[in-house]
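Below: the structure, in C-alpha cells.
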C-alpha cells in the first residue's frame, strides 16, 4: 500500500465522517416530529435508494453464503439497534451534546479492532489515535455539561458500541462488492425498523418530514457508508475509526447555526488535538518483515506483489475471481487490511 493509496483512502474516510456528522443535528429536529424507530426506518430506506440506483462496479466479488452470518450481525448491530438508540437519545439531550457523544464510536471501534479482531496499530498510529480520541473526550466532557438526561447520553453511548461492532464486522466484508453489501444492509434495516415502529404503535410521519428524512438518509447514511467501506478496505477498521472521529465535530459545527448552540475555547483545543491526531495517522509508516499464510478467497484485485497468478487468455484489470495466495514472507508498508492481519 503506497502513500497515494493511503491518502486516497484518508480522503474517502474523512468525507464519510463529514457526511455522517451532519446527521445528528438534523435528526434532532426530525425526531421531535416522529418516533425513533419509524424515523430510523425512513433514514435507511433513503440510504437504500442510493444503492438501488448505484451501479455495481464490474469485477467486484459478490457476497457468498459464508458471508451471511457476518452480514446479519452487522445489520442487527449497526442498522437495526444503533440508529433507534441514537434517535431516542437525541430526543433527550441537546443537539451539540448528542453530536459530541458520537466521539465514543472511534475508541470503541479501535478497542474491538485491536483486542478482539486482531488488528494492530504502530506506536505513532496509536499516538495519533490517542490524540484524536483525547480531543473527542474533551468535546464529550464539555458536551455533557450542556444539558440533557443521563439516560439519553447512555443510549447514544450504547449506539456507538453497536456501531463499533458493526464497523469491525463490516471490515470482514470489505473485499466484497460494497454496493451489494450496502443494499442488503440499508434496505434490511429500513424495513425492520419500520416494522418494529409499527408494532410499537409509533405515529406515522407526514410527507414533508418523510421527504427530509429520505434525503438525509441518502446523504448521511447512504453516501457516507459507501465512502466508509471503500476507505476501510484499504485502512482497516482501527485506522478508519480514528479518521471517523471528525464526524462528531462536523455535527457540532452544524448545531451552532441550526440549533443555536455555542462552542467554547475547549472546542477549539479539542479540534486542534483531533487534527494533530489525524495528521499523525496519515504520516505513519508501518513496515516490517511479516509472513502471509496460504489463503484462498475472491475479491477485486490487480496483479501486484500479493497477486501473482496465471490466467488463460488475455486479462483486464482490475478483475475478480477465486484465487490462492501461497505462503510468503516479505517486508513493505501495510495496514491491517484483509491481507495483513498477523501477529506482532
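Note on the range 85-103: among residues that are surrounded by fewer than 24 Cβ atoms within 10 Å (Cβ to Cβ) and modelled with pLDDT of 75 or more, the one that is farthest from residue 154 (Cα to Cα) is 91. Could you check residue 65 against (1) crowded, with 18+ Cβ neighbours inside 10 Å; (2) modelled with pLDDT of 85 or more; (3) over 20 Å from the mean Cα position of the chain (by Cα) and say which number it fails? For residue 65, the failing item is (1). Suppose we filter 271, 294, 237, 287 for residues that are touching a helix residue (DSSP H, G or I) at 6+ places or on another chain (Cβ under 7 Å), modelled with pLDDT under 70 and either surrounded by fewer than 19 Cβ atoms within 10 Å (Cβ to Cβ) or on the phi > 0 side of the Ramachandran plot (or both); which single one remains? Answer to the check: 271.
Using the structure shown, decide if residue 187 is part of a helix (DSSP H, G or I) and more than 13 Å from the chain's Cα centre (by Cα). Yes; evaluated as a whole, the condition is true for this residue. Just one residue in the set 35, 59 is farther than 21 Å from residue 236 by Cβ, at pLDDT below 85 and touching a helix residue (DSSP H, G or I) at 6+ places or on another chain (Cβ under 8 Å); that residue is 35. Looking at 42, 14, 93, which is the one that is touching a residue at least 24 places away in the same chain (Cβ under 8 Å), over 19 Å from the mean Cα position of the chain (by Cα) and closer than 28 Å to residue 273 by Cβ? Residue meeting the stated conditions: 93.
The values are calculated or read from the model by the stated rules, or taken from the named source; none is laboratory data. Here the structure is a predicted model, which means the values were calculated and not measured. As a convention, Cβ positions derive from the backbone with ideal geometry for all residues, glycine included, and neighbour counts pool all protein chains shown.
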